[in-house]
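Working notes for the structure below.
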Amino acid sequence: MVEVIKQEVHKACWSQCVQDCLVMGTHLYLDLLVLAVFAMTVANADINVVCANNSVRVTWRVNAELVPYAARLFLGNCMASQWKVLPSGEGEAQFNYMFSECKFTKMVKGKRIFYQNEMSYRPQTKPNPPDFVHPIECVYRRPKDWIPRFVNPGYVVSEGHGRLVFHMALLNEELSSIAKTNIIPLGSPMPIWAAVEQKSHQPLLLLMEECVAAPTAELRPGSQVYPIIGNKGCLLESKKENSMFLPRYHSSSIILYLQSFNFGFREVYIHCKLAVWDPQNFTESKKACHYIKGTNRWELLDDPSRSSLCNCCDLSCKSRSRRGVEWASDGPSHNSVLGPLIIVDQSDLRDSDTMMESATTADPQLK
């Protein structure tokens, strides 16, 4: 599922999002109402909620003005599961999640159980308040054999790390949403976004330990590959081309900003080993480093004052055995594949446009 983007770039990338919004509201869970004055683009919210046994499906249709900012729509702390642009130009975001996700709150009141959350539109980063909030609630009849936790002697609270869910997607040039095409002109930006769903975990730092470009969706011994990131998080391509890691929006996601070039094969698959780590504990083997040509040195993305950890990027960055956080069996790393991406020359695009114009002129039914 990467019909969504999990979110991070310069604040400047988002500063154009609905600047005229005025929010003056108070939201209390339970029985209080949400009172607010919202921007015109979200005031007439078209939100449909379908409650299932242990989950909810929310469909949110937004005006065309908000289509470029799909990454700023949230259910709790979750982004959309699916996103599409409708023929009318409007956008439709669908959120399909369990009640154990997205920070739903559970409340038992009398003979009913309430699961509550809120939809929000956040053009700015936290702690700035959202510009739009809409309450979501699913109500169920309490089971007859239900026993409150505090009187159940067989119940204990055991906070586990659970299963980590990773995402990777190609963004458009404006870094505002998922790219609408996988055809990339030679020399144009190729921003790749990756994220991990934190769910009930402690804050996580997402790292790209290794990324290669390949002509196939599967890597086998002897496969032709082009290295992009290696040596435990060193962006090798930043020393050759205008590539970099963009400043993070938050620790659980990252954007690899590449400039497309001729990889040596027309269809390109990007294979990345994504890893999660403690946001405060950088090491030579747990880092994100890119080369700054202006200073002719490697820089640590998350804390330039500790860029000495990147000095090994020109040598060999070795893992140091140390005791760390216990992770679930499928963590802390995951192999993700993005593609195929089609790198084309600008002249190919012009020839294609010319052929389409000629075909349309020759056959009026194509108009």
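Taking all protein chains together and rolling a 1.4 Å probe, residue 57 ends up with roughly 100 Å² accessible.
The listed residues 245, 104, once ranked by accessible area (1.4 Å probe) with the largest placed first, stand as 104, 245. Across 286, 318, the residue with the most accessible area heads the list, and the full order at a 1.4 Å probe is 318, 286. Computed over the alpha-carbon atoms, the range 82-127 gives an Rg to Rh ratio of 1.12, Rh here being the Kirkwood radius from the mean inverse distance.
More than 19 angstrom separation, counting every C-alpha pair in the range 46-141; what % is that? Percentage above 19 Å: 41. On a C-alpha basis, how far is the centre of the range 204-264 from the centre of the range 46-95 in Å? Whole number, if you could? The range 204-264 and the range 46-95 have Cα centres separated by 30 Å.
In this structure residue 223 has an accessible area near 40 Å², from a 1.4 Å probe over the protein heavy atoms.
Remark: relative contact order (the range 46-141) = 24 percent; criterion is Cα-Cα distance under 8 angstrom and separation of 6 or more residues. The listed residues 216, 295, 125, once ranked by accessible area (1.4 Å probe) with the largest placed first, stand as 295, 216, 125.
On a 19 Å Cα-Cα criterion, which of the cross-link pairs 180/273; 180/239; 84/273; 232/318; 273/318; 126/180 come out too long?
Values: 180/273 25 Å; 180/239 29 Å; 84/273 28 Å; 232/318 8 Å; 273/318 17 Å; 126/180 28 Å.
Table pairs above 19 Å Cα-Cα are 180/273; 180/239; 84/273; 126/180.
Suppose we take every Cα in the range 164-323 and form the convex hull; what volume per residue is that in Å³? Present the calculation step by step, with values, prior to reporting the outcome.
Numbers: hull volume 22.2 nm³, N = 160.
Looking at the range 164-323, the number lands at 138 Å³ per residue.
Suppose the chain between residue 86 and residue 174 were pulled fully straight at 0.36 nm per residue; how much longer would it get relative to their current alpha carbon spacing?
Extending this stretch completely gives an extra 29.7 nm.
The values are calculated or read from the model by the stated rules, or taken from the named source; none is laboratory data. These numbers were taken from a predicted model, which means no experiment stands behind them. To get the accessible areas, we keep the full protein, side chains included, count just its heavy atoms, and leave off ligands, DNA and RNA. Shrake-Rupley method; radii C 1.70, N 1.55, O 1.52, S 1.80 Å.
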